[in-house]
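Structure record follows, encoded as C-alpha cells.
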Amino acid sequence: MNRSLSRTLAAALLLTLSCATSNDAYAGRRRAVPSAPPQWNHEWARGAVFYEVFVRSFSDSNGDGIGDLDGLTAKLDYLNDGNPATTTDLGIDALWLMPVFQSPSYHGYDTVDYETIAKDYGSNASFQHLLAEAHKRGIHVIIDFVMNHTGSDHPWFIDSASGPGSPKRDWYVWSATNPGWTQPWGGDPSWHLKNGAYFYGLFWSGMPDLNYRNPDVKAEMFRLARYWLTQGVDGLRLDATRYLVENGPGAGQYDTPETHLVLKELSTQVRRTKPQAFLVAENTTDSQTLAMYYGSTAVVRGGDEMPSNFNFPLASAILDGVKAGNAIRIRDTMRAVISAYPAGVIDAPFLTNHDQTRLATVLANDPGKLRNAAAILLTLPGAPFLYYGEEVGLQNGPTSADESKRTPMPWTPAGGFSTATPWFAFAPGLAMNNVASQTGDASSLLSYYRNWIAARKRSHALLQGTIAPLDSSAQVLAFIRDSGDERVLVVHNLGNTAANAGPFDVQAAGFDTIYADSNVADPAGGAGAWRIAMPPHTSGVWRLR
C-alpha cells in the first residue's frame with residue numbers, strides 16, 4: 001500500500017473513532033444536512049439573440065489588416081446602441097467571441113496561453129474596455145473556451161513531450177506504442193508520434209488532447225473558466241465538449257460517461273462562481289444524444305450539466321427545408337427536440353457557424369429564402385445565434401478553405417473593414433452585401449433582421465414561450481408559442497408559390513398582428529379553422545385574443 005493511501009485511511013479511521021466517542025449532545029448534530037446544489041440564474045439568456053463574432057474579421061482599428069477588439073468596440077452601436085427607442089441598430093443581446101487568447105494560428109482554436117489576449121487583437125486591457133462598453137449597452141459577452149485540447153506550442157505540452165519523467169507528462173494522453181485509433185468521423189489518425197512516443201490528438205497533431213483523468217488538469221482548466229467569469233465575461237462557449245474523455249477507439253472517443261461527469265463538475269463550479277453565467281456547448285450529434293448533455297433537471301433547474309447546446313439537427317433541417325421549400329423535416333425535428341429535451345432548458349438554435357458554408361451561399365443568394373431562414377430562426381424558443389454578416393447576406397469567400405467561411409465583415413461597398421489590405425479577401429457580392437448599402441433600405445435583408453429582432457422583443461411568448469408545431473401543408477411551417485400570459489401563432493410560407501395556410505385548429509376570438517410581411521393577410525375563418533393568405537416566402541406572427 002502506498003504512503004498516501006495509508007495516510008488517507010488512517011485519517012478516516014481516526015475520524016470514525018472520534019465520532020464514535022463524542023458526547024450525546026454532539027452526536028445529535030453529527031449527521032450534517034447536505035447543502036442544496038447551486039442553481040442557475042441566467043434567465044437573461046432565454047430569448048436573447050446572440051451574435052457570433054470572429055474578431056479577426058470584424059473591424060480593424062489600427063490599420064494592420066487584422067480585426068481587433070478596439071475595432072469591435074467601435075462597432076458596438078451597430079449591434080446594439082443601448083437605446084430601445086432607436087431602430088438603426090441590429091438589436092442583438094449578446095456576443096459570442098470566437099477564440100481571443102494567444103495562439104499561433106489565425107483561428108485561435110489551438111490556445112497556448114489561456115490568460116492572455118492574442119497580440120493581434122489587443123491586450124487584456126482592451127478586452128476589459130470591450131466588456132465595459134458592451135455592458136454599458138446591455139450586451140452580454142461570452143467567450144470561446146477551448147477545453148478539449150491546447151495548441152502543441154503550449155508550455156504544458158512542450159514540457160509533457162520532453163520525456164516520460166516530465167512533471168506535465170500526464171497532462172496529456174501518451175502511449176509507448178501506437179494504439180492505431182482513427183478519428184471517428186474519418187480516416188485520419190488520432191495518435192501522433194513525438195519524441196519516441198505517441199500522444200492523442202483527436203483533431204490533428206497541432207491540437208493535443210488534455211487528460212481529464214488527471215485531477216491537476218481538471219483543476220487548472222476549471223480555475224481558468226472561473227478566472228474569466230470573475231474578469232467579467234457573462235459565460236462560455238465550450239468547444240468540442242463531446243470529446244473530452246476517451247476510453248477506446250471508434251465510438252469510445254465521444255459521448256463517454258467520463259465526459260459527462262467532467263461537464264457536470266464544471267457546471268457546478270460555474271454555478272458556484274457565477275450563477276448568472278451562461279454555458280453553451282458544441283456537440284454535433286442527434287437530438288436524443290444532445291438531450292443527454294443537459295443532464296438532469298430534477299435538482300438543478302435548467303440542467304445540472306450543460307444548460308444550453310447548439311441545435312445542429314434543427315439547423316440542418318431549417319437549411320434543407322428552406323432550400324427545398326418544404327417544412328416537413330423542420331416540423332419533425334422540432335417535435336423530436338420537444339420529445340427528447342428536458343422541460344425548461346434553453347435551446348441554442350442557429351443557421352450556420354464558422355465551420356460551415358455560409359447561409360447565403362447554401363441558399364444561392366435567393367432573397368426570399370434568406371428571409372425565410374431569418375424569420376424562422378428569430379421566432380424559435382431559446383437563444384438564437386446569428387453568425388456575423390448573415391444579416392447582410394455575406395457569402396462564402398473565393399476558396400474552399402475554412403478562411404472563406406470567415407472573411408472580413410463588409411461595412412461599405414469598398415469594404416470598410418480596414419485602411420490596409422485585409423488579412424483575407426472579401427467574399428463575392430461586396431457591392432450590395434454590405435452594411436452601408438442596406439442600412440437605409442427598408443426592403444434590405446439587414447432591415448428584415450432588425451424588424452424580426454424588434455418583433456421578438458415585443459412578444460413575451462416569442463422570447464420565453466414554449467413551442468407547439470401545427471400540422472399544415474408541406475410548404476407551410478406553423479407553430480404556437482405560449483408563455484402562459486401570451487399565445488402567438490407563427491406561420492412561415494417556405495414555398496415559391498402563394499399559400500392559403502391552414503386551416504389551423506386554434507381557439508381564439510381574434511388576432512393582433514405582432515409582425516407580418518407585406519401583403520400577408522390577417523387570419524380569417526373562425527375558431528378551429530383559421531386560414532391565412534400568404535405570398536411566397538413570407539412570414540407573420542399574431543397574438544391570440
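The values are calculated or read from the model by the stated rules, or taken from the named source; none is laboratory data. This one's a predicted model, so the numbers in the text were calculated from it and none came from an experiment. Using ideal geometry, Cβ is built from the backbone for each residue, glycine included, and neighbour counts are taken over all protein chains shown. With ligands, DNA and RNA removed, areas are computed over all heavy atoms of the protein, side chains included. Shrake-Rupley method; radii C 1.70, N 1.55, O 1.52, S 1.80 Å.
Data for the structure
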item: Mean Cβ neighbour count within 10 Å, used as a protection proxy, ranking 170-180, 399-409 highest first; result: 399-409, 170-180
item: Rounded, prolate or oblate (a/c below 1.5 giving rounded, otherwise prolate when a/b exceeds b/c) for region 153-297 by Cα gyration tensor; result: oblate
item: Volume per residue that the Cα convex hull of region 459-545 spans, once the total is divided by residue count, Å³; result: 78 Å³
item: Listed residues SER308, SER296 arranged by accessible area, highest first, probe 1.4 Å; result: SER296, SER308
item: Probe 1.4 Å - accessible area at ARG458, Å² to nearest ten; result: 130 Å²
item: Candidate aspartates and glutamates for bridging to LYS194, where Cα separation is under 17 Å - those fewer than 8 sequence places away on the same chain excluded; result: ASP153, ASP159, ASP170, ASP209
item: DSSP-loop GluC sites (Glu not before Pro) across region 234-300, with at most 16 other Cβ within 10 angstrom; result: none
item: Axial C-alpha extent at least 15 Å, average Kyte-Doolittle at least 0.5 - helices from the chain (DSSP); result: 3-20, 312-324
item: Approximate shape of region 205-361 as ellipsoid semi-axes (Cα gyration tensor, √5λ), whole Å, largest first; result: 28, 18, 16
item: Over 24 Å [Cα-Cα, region 94-220], rounded percent; result: 37 percent
item: Column: log10 I(q)/I(0), Debye, Cα scatterers of region 224-284, q = 0.18, 0.19 Å⁻¹; result: -0.65, -0.70
item: Separation between Cα centres of region 304-326 and region 105-136, rounded to whole Å; result: 30 Å
item: Check: region 42-195 dipole with +1 on Lys, Arg Cβ and -1 on Asp, Glu Cβ, in debye; result: 380 debye
item: Greater than 21 Å apart at Cα, pairs in LYS274/LYS457; LYS218/LYS264; LYS218/LYS274; LYS75/LYS369; LYS136/LYS274; LYS323/LYS405; result: LYS274/LYS457; LYS75/LYS369
item: Sorted peptide list for 44-53, 100-109, 283-292, 522-531, criterion being average Cβ within 10 angstrom, highest first; result: 44-53, 100-109, 283-292, 522-531
item: For the chain, calculated [θ]222 nm from helices alone, where every DSSP H run of n ≥ 4 adds -39500 (n - 2.57); result: -8000 deg cm²/dmol
item: Relative contact order, percent, the chain [alpha-carbon distance under 8 Å, six or more residues apart]; result: 12 percent
item: Given charges at beta-carbon only (K, R positive; D, E negative), |dipole| of region 236-376 in Debye; result: 560 debye
item: Cα radius of gyration and Dmax for region 179-230 (Å); result: 14.1, 42
item: Between region 59-98 and region 521-545, the alpha-carbon center distance in angstrom; result: 36 Å
item: Cα convex hull volume per residue for region 187-263 (Å³); result: 119 Å³
item: Over region 347-465, relative contact order from alpha-carbon pairs under 8 Å, at least 6 apart, %; result: 26 percent
item: In region 477-512, the chymotrypsin sites (Phe, Trp or Tyr not before Pro) that fall in loop regions by DSSP, at most 13 other Cβ within 10 Å; result: none
item: Simple label model, 7 Å out from Cα along Cβ direction - THR439 to ALA454, nm; result: 1.6 nm
item: Alpha-carbon spread of region 49-158, three principal axes, descending order, Å; result: 53, 30, 20
item: Alpha-carbon centroids, region 391-448 and region 212-267: separation in whole Å; result: 35 Å
item: Alpha carbon convex hull of region 347-472, volume per residue in cubic angstrom; result: 124 Å³
item: Net lengthening on full extension, SER205/ALA36 (0.36 nm per residue, minus Cα-Cα); result: 56.6 nm
item: Solvent-free Debye scattering, log10 I(q)/I(0), computed from the Cα coordinates of the chain at q = 0.06, 0.07, 0.13 Å⁻¹; result: -0.33, -0.45, -1.36
item: Protection-proxy order for peptides 223-233, 459-469, each taking the mean of Cβ atoms within 10 Å per residue, highest first; result: 459-469, 223-233
item: Which of TYR341, TYR294 is most accessible, then next, and so on - probe 1.4 Å; result: TYR341, TYR294
item: Relative contact order (percent, whole number), region 409-521, Cα cutoff 8 Å, 6+ residue spacing; result: 16 percent
item: Computed E for ALA509/THR466 - FRET, C-beta separation, R0 25 angstrom, nearest 0.05; result: 0.70
